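Only the coordinates and a few stated rules stand behind these numbers; no lab work does. Here the structure is a predicted model, which means the values were calculated and not measured. Here the Cβ is made from the backbone with ideal geometry for all residues, glycine too, and neighbour counts use every protein chain on show.
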Amino acid sequence: MTTRAIEENKIETETDIKSMSLSELESFFKKIGEKPFRARQVYEWMHKKLAASYDEMTNLSKSLRETLEKDYPLTFLEMIEVQTSKLDGTQKYLFRLEDGNVIESVLMKYRHGNSVCISSQVGCRMGCRFCASTLDGWTRNLRPSEMLDQIYQIQKYSRERVSNVVVMGTGEPMDNYDNLLKFIHMLSDESGLMISQRNITVSTCGIVPKIKMLADENLQITLAISLHASNDEKRKSLMPIAFKYSLQELLGSCKYYFEKTGRRLTFEYSLVGGVNDTQEDAEELKNLLAGLNCHVNLIPVNPIKERDFVQSDKKVIEKFKNKLEKYRINVTIRREMGRDIDGACGQLRKKYLDKE
Ligand code: SAH
């Protein structure tokens, strides 16, 4: 980003009332000569009642509403497109941000509740070889309000209560650390949607120093690590981040995370046909994870047209799973949701950008 863009982003952030935590909003109200309890009212209108405008905030004076409207306009994501799967009801949403950038989010309906998968950045700079979200690079970080509004808009549009949130859409959440943290606090705050931290999962490609920092934040969220390979060589061929941090360092930070939080880790392992799906790979994986309280989520890779990766055979996937189970590792194969819509990470957005 240019200096100017950074400055502009800063100015925007300062007027972005929906990105203010309750305590920030309280100090801000004090500064403009308003009572702190008004701050809680406004906060709840924005984050609990999901008000669509200041006009809806009927317990505020007209003059306060006008001041806020003028200097601190409420911002919303604009829905451009919704695709609904005929197979399982999964919905993919395409949203336009105020500056014209486009992001995508997904609503998945499970028996145990509704889960929303959100984006944390516009694009991504991690460069994982099989991922569509990174093909056009990184544009900017999402602000807390923009992460929250993905959930708010989906809840309003679908009329479904969202009970789980996974930060597994476009972007690397640890590359947008401060906003991510604020987002988690605001999402679980009792004056907002109050989604339990235990129902929030953050997925990372493995930025080791940030995993350690997160471990010290005293949160109860689930951390998911995108592993995808059981040795450094193979991991480097799939994920550039592996050049920066070795598996040993990564696993070290995972152990630290567990020690500090007591939260069981999830390891995501996308199975790519002929690349990381052999019995030797499974054997190596089990050695790597030995002694760690974790759960392995096997994901049949979702092929993208820009790369020639293919899914492993069903039988190969089963064999991989059985091998891990033999060693008493908790393992599941991720059910593919919304196969008939642009399901893979970043595919809907990519299609839209290519069309433009
Ligand atoms: N940047 C974060 C979160 C976004 S990606 C991360 O790396 O974890 C969410 C998950 O989907 C990651 O495990 C990622 O590696 C995986 N993924 C991305 N593209 C995929 C594809 N085409 N097929 C299977 N899994 C994919």
Residue tally, condition in contact with a Ser or Thr (Cβ under 7 Å, 6 or more places away or on another chain) and surrounded by fewer than 18 Cβ atoms within 10 Å (Cβ to Cβ), over the range 45-73: 2
Restricting the range 170-203 to residues that are surrounded by fewer than 20 Cβ atoms within 10 Å (Cβ to Cβ) and in a strand (DSSP E or B), the one nearest to the ligand (Cβ to nearest atom) turns out to be Thr201
Counting only residues in the range 111-127 that are more than 28 Å from Lys234 (Cα to Cα) and polar (S, T, N, Q), the one nearest to the ligand (Cβ to nearest atom) is identified as Ser115
Exclusive hit being in contact with a helix residue (DSSP H, G or I) (Cβ under 8 Å, 6 or more places away or on another chain), among the β-branched types (Val, Ile, Thr) and over 17 Å from Arg143 (Cβ atoms), set Ile103, Ile17, Ile80: Ile80
Which one is surrounded by the fewest Cβ atoms within 10 Å (Cβ to Cβ) among residues in the range 106-126 that are in contact with a Gly (Cβ under 6 Å, 6 or more places away or on another chain) and part of a strand (DSSP E or B)? Lys109
Restricting to the range 297-336, and then to whatever is free of Cβ contacts under 8 Å to residues at least 40 places away in the same chain and part of a helix (DSSP H, G or I), can you tell me which residue is farthest from Lys350 (Cα to Cα)? Lys326
Condition set in a helix (DSSP H, G or I) and free of Cβ contacts under 8 Å to residues at least 60 places away in the same chain, scope the range 128-169, selection farthest from the ligand (Cβ to nearest atom): answer is Ile151
